[in-house]
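The values are calculated or read from the model by the stated rules, or taken from the named source; none is laboratory data. This structure is a prediction, so every number in the text was calculated from the model and none was measured. As a convention, Cβ positions derive from the backbone with ideal geometry for all residues, glycine included, and neighbour counts pool all protein chains shown.
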Amino acid sequence: MAELMVEITRDNAQRMLIEESHARPVLIDFWADWCAPCKALMPILDKLVRESAGQVMLAKVNCDELQPIAQQFGVRSLPTVILMKDGQPVDGFVGAQPESAVRQMLEKHLPKPWDILLHQALELLEAGDAAGALAPARSAYEESRQRADIAKVYADILIELNRVDEAQVVLDSIPMADQDGDFERLMSELQLKKQAADTPEIQALLQAHARDPDNMDTGYQLAVQFSQAGRSREALELLIGILGRDREFRGGEARKTLLDIIRALGKGDPLAAEYQRKLFALMY
């Protein structure tokens, strides 16, 4: 695990203050033992750095022992706090500050939770694990309030997993201003997936179901075909309709198929949760 805090010495100053800042922000606390405001500030810095869980490192510079380093950073009074990023000072303050002010300064320079989730999703996607990438991508999409660049990654994963209906909803949510070349590519891929998912078997069953919508056997067969083609919402909707009319259709087979689809979607999946609620309301 990455170090959270380090005491700066002459030997490690270059590595910890400059080189480390290329990997993550480094919060430098210039202090001295005689400085009461320094000691009041220390627990606040310690707390916030621990909360960051390794996203930022706290580097403590004792100015009585390392005056040349303090001079190099232009420190004139204590406490002084400087935030280093990519080898350069990007923010900071002089004098003791309340926790809220220090937190606000740090938050401007730390990755947002959804950016971390997005990074996880992209790493999994690049490794060929689209199924594993789905949950962090979905969380990033929701927590970022449907940020357009995250929406495109989320839609890409949904398309890869043949969840075309959900991908369509996500792409439809992207504002016109963000409908760039990537958006057009995703829309094209989505249309191709939809065409591939519209098999001859599904087309025949759709026609039969349209002629006789009350025929539950046809509806059930169509639901199974939809499920196999990755059209989960359409399959679940048909099965809920069947169970609404006959809870024990085919000796409980329709209920079992619906639960199998929900389990395949995965724990925490919004579509799975939606149809779990519908099934519970129906059965109880």
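Pairs needed: first member in the stretch 91-109, among the acidic types (Asp, Glu); second member anywhere, surrounded by 14 or more Cβ atoms within 10 Å (Cβ to Cβ) and assigned to a helix (DSSP H, G or I); C-beta distance under 9 Å; at least 6 residues apart or different chains.
Asp91/Met105; Asp91/Leu106; Glu99/Ile44; Glu99/Leu48
Output the number of residues of the stretch 67-109 satisfying the condition of being more than 19 Å from Ile8 (Cα to Cα) and small (Gly, Ala, Ser).
Here the count works out to 4.
If Ile44 passes every condition in (1) surrounded by 14 or more Cβ atoms within 10 Å (Cβ to Cβ); (2) in a loop (DSSP other than H, G, I, E, B) but one, which one does it miss?
Here Ile44 meets the rest and fails (2).
Being in contact with a Leu (Cβ under 6 Å, 6 or more places away or on another chain) and within 17 Å of Leu271 (Cβ to Cβ) is the filter here, so list the residues in the stretch 137-158 that pass it.
Ser139, Ala155, Ile157
Only one of these conditions is not met by Leu117: (1) assigned by TED's automatic domain parsing to the domain that holds Glu51; (2) out of contact with any strand residue (DSSP E or B) (no Cβ under 8 Å at 6 or more places or on another chain); (3) surrounded by 15 or more Cβ atoms within 10 Å (Cβ to Cβ). Which number is it?
(1) is the only condition that Leu117 fails.
For the stretch 224-253, give me each residue that is surrounded by fewer than 19 Cβ atoms within 10 Å (Cβ to Cβ) and polar (S, T, N, Q).
Gln228, the sole residue that qualifies.
Grab the helices (runs of 4 or more DSSP H) fully contained in the stretch 90-188, keeping just those with 2 or more residues being among the small types (Gly, Ala, Ser) and closer than 25 Å to Ile261 by Cα.
Helices (runs of 4 or more DSSP H) meeting the threshold: 130-143, 148-160.
Consider Gln221 carefully, then state whether it is surrounded by 17 or more Cβ atoms within 10 Å (Cβ to Cβ) and of a type outside the set (A, V, I, L, M, F, W, C).
Here the answer is yes, as Gln221 does meet what is asked.
Here are Gln146, Gln168: which of them is surrounded by fewer than 20 Cβ atoms within 10 Å (Cβ to Cβ), at positive phi, of a type outside the set (Phe, Trp, Tyr) and under 26 Å from the mean Cα position of the chain (by Cα)?
Gln146
Inside the stretch 238-281, can you point out the residues that are in contact with a Phe, Trp or Tyr (Cβ under 9 Å, 6 or more places away or on another chain) and among the aromatic types (Phe, Trp, Tyr)?
The answer is Phe249, and nothing else.
Testing Ala36 on (1) within 17 Å of Ser100 (Cα to Cα); (2) without any contact (Cβ under 8 Å) to a residue 24 or more places away in the chain, one condition comes back false. Which one is that?
(1)
Consider only pairs whose beta carbons are under 6 Å apart and that are at least six residues apart or on different chains; among these, list those whose first residue lies in the stretch 219-231 and is part of a loop (DSSP other than H, G, I, E, B) and whose second residue is surrounded by fewer than 20 Cβ atoms within 10 Å (Cβ to Cβ) and modelled with pLDDT under 90.
Final answer for the pair search is Ala229/Ala197; Gly230/Asn162; Arg231/Ala197.
Hey, among the residues in the stretch 57-80 that are of a type in the set (A, V, I, L, M, F, W, C) and in a strand (DSSP E or B), which one's nearest to Trp31 (Cα to Cα)?
Filtering the stretch 57-80 for residues that are of a type in the set (A, V, I, L, M, F, W, C) and in a strand (DSSP E or B), the one nearest to Trp31 (Cα to Cα) comes out as Val61.
Is there any pair linking a residue in the stretch 70-86 that is of a type in the set (Lys, Arg) to one that is assigned to a loop (DSSP other than H, G, I, E, B), with Cβ under 9 Å and at least six apart or on different chains, and which?
Lys85/Arg24; Lys85/Pro25; Lys85/His109
Could you count how many residues in the stretch 256-284 are hydrophobic (A, V, I, L, M, F, W, C), over 19 Å from the mean Cα position of the chain (by Cα) and at pLDDT below 90?
Of the residues in that region, 3 qualify.
Take the conditions assigned to a loop (DSSP other than H, G, I, E, B) and under 30 Å from Phe30 (Cα atoms) and apply them to Leu83. Does it pass?
Against the criterion (assigned to a loop (DSSP other than H, G, I, E, B) and under 30 Å from Phe30 (Cα atoms)), Leu83 does not qualify.
Here is a list: Glu51, Glu20. Which entry is crowded, with 20+ Cβ neighbours inside 10 Å, within 26 Å of Leu117 (Cβ to Cβ) and of a type in the set (D, E, K, R)?
Glu20 is the lone residue from the list that is crowded, with 20+ Cβ neighbours inside 10 Å, within 26 Å of Leu117 (Cβ to Cβ) and of a type in the set (D, E, K, R).
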